[in-house]
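Before any comments, here is the structure.
The values are calculated or read from the model by the stated rules, or taken from the named source; none is laboratory data. Predicted model only: the values in this text are computed from it and were never measured. We place every Cβ from the backbone using ideal geometry, glycine too, and count neighbours over all the protein chains shown. What goes into the accessible areas is simple: the full protein's heavy atoms, side chains included, and nothing from ligands, DNA or RNA. Shrake-Rupley method; radii C 1.70, N 1.55, O 1.52, S 1.80 Å.
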Amino acid sequence: MRIEVDWTRCDGHGLCGLLLPENLANDTDGFPVVRDPEVAPGNVHHARRAVSACPALALRLSRP
Amino acid sequence: MSTTPLTRSAPTAFGSARLLAGVTHGTRADLSTHRRLHGPQRHRTLEELAADAARVQLLGRGGAAFPVATKLAAVPPGRRTQVVVNGSESEPASRKDRTLMTLTPHLVLDGALAVARALRTSHVTIAVHDQAAASSLHAALQERALAEPSPELVRVERRPARFVAGEIRAVLRGLDGGPAVPPSRRTLPSEAGLHGAPTFASNVETFAQIALLVSLGPAEYAAVGSPEEPGTTLLTLLGDTRAQGVVEVPTDLPLDALVPGTSGPVLLGGYHGRWVEDVVGLSVTRPALRAGGLALNAGVVARLPREACALAEVTAVTRWLAAQSAGQCGPCLFGTAALARDVDDLLHGRTAPEVDARLAGLVRRGACAHPDGTVAFVTSALDVLTDELATHRRHGTCGRPYAGVLPLGERSVR
Ligand code: SF4
Ligand code: SF4
């Protein structure tokens with residue numbers, strides 16, 4: 001699975017980096033930095049949690 | 001709305017004038033002149049057109065240089081299918097598309113109608129910002145309505161001038177009544193473009209090239225230019241160059257024929273392009289440039305004169321690029337603004353310790369190519385202008401004035 005950010009929606013709340021640190025970090029403004037878009041199978045549930053926690057509905061988990 | 005005209009001078013052809021045949025004196029080709037120069041409107045089936053485009057390796061002449069044959073094959077033909085000619089030419093340094101629409105509108109229309117007929121649709125939309133270009137197209141459609149009526153329905157739609165509004169997905173969204181900003185989803189116009197219908201969209205020069213290809217046939221079309229990308233291409237030249245304004249050149253022309261000597265640095269590919277120290281060994285062939293990490297984009301080539309402050313030009317364009325961010329995506333909005341402040345600091349001899357991190361923070365962090373294009377422009381400028389940067393660092397200035405060689409067009413109004 002791949003994690004993608006919809007940059008037009010993201011408000012930089014800075015949550016996602018905490019919930020999915022393997023793939024995302026947040027910069028000093030709170031906007032995500034995609035370290036690695038490929039989510040490892042063992043992390044998919046973390047990714048799902050990050051997607052549903054994003055207050056701006058800006059994260060997407062998609063099949064490659 | 002008003003635009004700042006660069007030069008009202010006539011375009012120039014190096015070698016054979018093809019797109020610019022008959023119009024290099026700056027006079028518009030009306031329908032009868034156009035027919036005398038290019039012959040009657042001709043049509044091809046979709047298969048023939050795609051095969052001819054593949055044979056001459058025709059690439060889109062907007063930014064992405066996508067193969068026309070591939071794009072034709074990706075659009076399902078039929079009555080719902082849309083043909084969109086992107087004439088927004090939203091880069092203020094580029095004049096080639098408005099020159100084509102203004103001086104040789106019938107060539108653009110021949111190309112658009114050939115594509116529409118091949119795709120078995122009657123829907124053609126031309127998106128245009130420039131007033132003179134729009135008037136010339138309207139007049140051309142009136143000439144045709146009387147002299148050679150055709151079943152296609154051609155609409156000319158005025159579009160805003162903002163840089164990002166000229167991106168094809170932003171154009172399609174704007175034509176559909178939405179905001180003229182790129183959509184978040186990576187939609188493909190060939191699948192869901194204008195009105196959600198399959199859409200063949202390309203820039204003005206691409207359609208004019210298609211018209212030439214149809215009227216000349218692939219063999220004659222490919223008789224000039226480089227084997228990798230036969231034919232001619234249009235460029236807009238600025239600053240210390242052999243000619244000024246719009247030029248048509250064969251694609252195998254060495255670039256140093258157009259920007260001879262070794263005065264200031266050269267900008268290739270406009271405001272999303274890259275700076276190079278010199279152009280020795282380069283030609284205007286898109287595939288060859290791409291192999292060298294360069295791009296022609298919409299064909300803007302500028303050389304700064306020695307007596308101009310290069311860093312001031314770069315600063316002005318960077319500030320303009322920051323103002324062009326559609327403001328939808330946080331990293332682009334904040335990142336380009338911060339980058340413009342950094343470059344301004346360097347211009348005034350101050351340090352900008354965060355500039356590299358700022359550049360890295362813009363890469364692939366937006367819904368469109370604007371942040372990455374801005375990064376290419378600034379990174380290459382900082383690479384090429386090391387001497388200038390050192391001088392500014394030492395003295396706070398280089399003593400040369402800001403010459404405004406790189407035009408900034410109208411102020412952005414959202
Ligand atoms: S949680 Fe959502 S809104 Fe917040 S930074 Fe991450 S993607 Fe952006
Ligand atoms: S990346 Fe920048 S210019 Fe492109 S849509 Fe986002 S905010 Fe607008």
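For the range B:98-195, what is Rg from Cα atoms divided by 2.2 N^0.38 Å, rounded to two decimals? Walk me through the intermediate numbers first.
Details: Rg = 14.1 Å, N = 98, 2.2 N^0.38 = 12.6 Å.
Relative to the rule-of-thumb radius for its length, the range B:98-195 sits at 1.12.
For chain B, set up a Gaussian network in which alpha carbons nearer than 10 Å are linked by springs, and say which option among B:Ala201, B:Ala357, B:Ala367 fluctuates the most.
Checking each option, the largest mean-square fluctuation is seen for B:Ala357.
For B:324-336, what's the mean count of beta carbons from other chains sitting within 10 Å of each residue's beta carbon?
Numbers: counts 0, 0, 1, 1, 5, 8, 12, 9, 3, 3, 5, 3, 0.
The mean count of partner-chain Cβ atoms within 10 Å per residue comes to 4.
Can you tell me the order of B:335-342, B:219-226 when each peptide is scored by its average per-residue count of other Cβ atoms within 10 angstrom, highest first?
Numbers: B:335-342: 21.8, B:219-226: 17.4.
Taking the mean over residues of other Cβ atoms within 10 Å, the ranking is B:335-342, B:219-226.
Just the number, please: buried accessible area between B and A, total of both chains, 1.4 angstrom probe, nearest 100 square angstrom. Intermediate values should be presented prior to the final figure.
Numbers: alone 16500 and 3920 Å², together 19560 Å².
In total, chains B and A hide about 900 Å² from solvent.
Evaluate E = 1/(1 + (r/R0)^6) for B:Asp372 and B:Thr70, where r is the Cβ-Cβ distance and R0 equals 25 Å; express this FRET efficiency to the nearest 0.05.
Working: r = 22 Å, r/R0 = 0.89.
The formula returns an efficiency of 0.65 here.
Can you give the convex hull volume of the alpha carbon atoms of the range B:22-123 per residue, in Å³? Walk me through the numbers before you get to the answer.
On the way: hull volume 11.9 nm³, N = 102.
It comes to 117 Å³ per residue, whole-number rounded.
From Cα pairs below 8 angstrom and at least 6 apart in sequence, can you work out the relative contact order of chain B, rounded to a whole percent?
On the way: 853 pairs, mean separation 70.2, N = 414.
Once divided by the residue count of chain B, the mean separation gives 17 percent.
For the protein assembly as shown, list log₁₀ I(q)/I(0) at each q in 0.11 Å⁻¹, using the Debye formula over Cα point scatterers of equal strength and ignoring solvent, two decimals each.
So the normalised log intensities work out to -0.93.
Provide, in order from the shortest bin, the percent of all Cα-Cα pairs of the range B:20-223 in each 10 Å bin, continuing until the bin that contains the maximum pair distance.
Binned Cα distances yield the sequence 9, 38, 39, 13, 1.
Find the centroid of the Cα atoms in chain A and in the range B:108-143, then give the distance between the two in whole Å.
44 Å
Return one number: the angle in degrees, 0 to 90 and rounded to the nearest 10, between the long axis of the Cα atoms of helix B:370-384 and the longest principal axis of the Cα atoms of chain B.
It works out to around 50 degrees.
Can you figure out the FRET efficiency of B:Arg35 with B:Arg185, using R₀ = 41 Å and their beta-carbon distance, to the nearest 0.05?
Values: r = 43 Å, r/R0 = 1.06.
So the FRET efficiency works out to roughly 0.40.
How many percent of the accessible area of the range B:29-133 is carbon or sulfur, using a 1.4 Å probe?
Carbon and sulfur: 55 percent of the exposed surface of the range B:29-133.
At q = 0.16 Å⁻¹, what log₁₀ I(q)/I(0) does the range B:203-354 have when each alpha carbon counts as one equal point scatterer in the Debye sum?
These q points yield log10 I(q)/I(0) values of -0.96.
Could you state the orientation-averaged shadow area of the convex hull built on the Cα atoms of chain B, in nm² to one decimal? Walk me through the numbers on the way to the answer.
Details: hull surface 72.9 nm².
It is 18.2 nm².
Which FRET efficiency value, to the nearest 0.05, do you get for B:Thr27 and B:Ala219 by plugging their Cβ-Cβ distance into 1/(1 + (r/R0)^6) with R0 = 45 Å? Display every interim value, and only then the final one.
On the way: r = 30 Å, r/R0 = 0.68.
FRET efficiency, B:Thr27 to B:Ala219: 0.90.
So how far apart, in nm, are the two label points at B:Asp278 and B:Ala257 if each is 7 Å from Cα heading toward Cβ?
My value for the distance between the label points is 1.9 nm.
Output the 0 to 90 degree angle, nearest 10, between the alpha-carbon long axis of helix B:131-147 and the longest principal axis computed from the alpha carbons of chain B.
10 degrees
In whole Å, what are the Cα extents of the range A:2-57 along the three principal axes, biggest one first?
Result, largest extent first: 28, 19, 17 Å.
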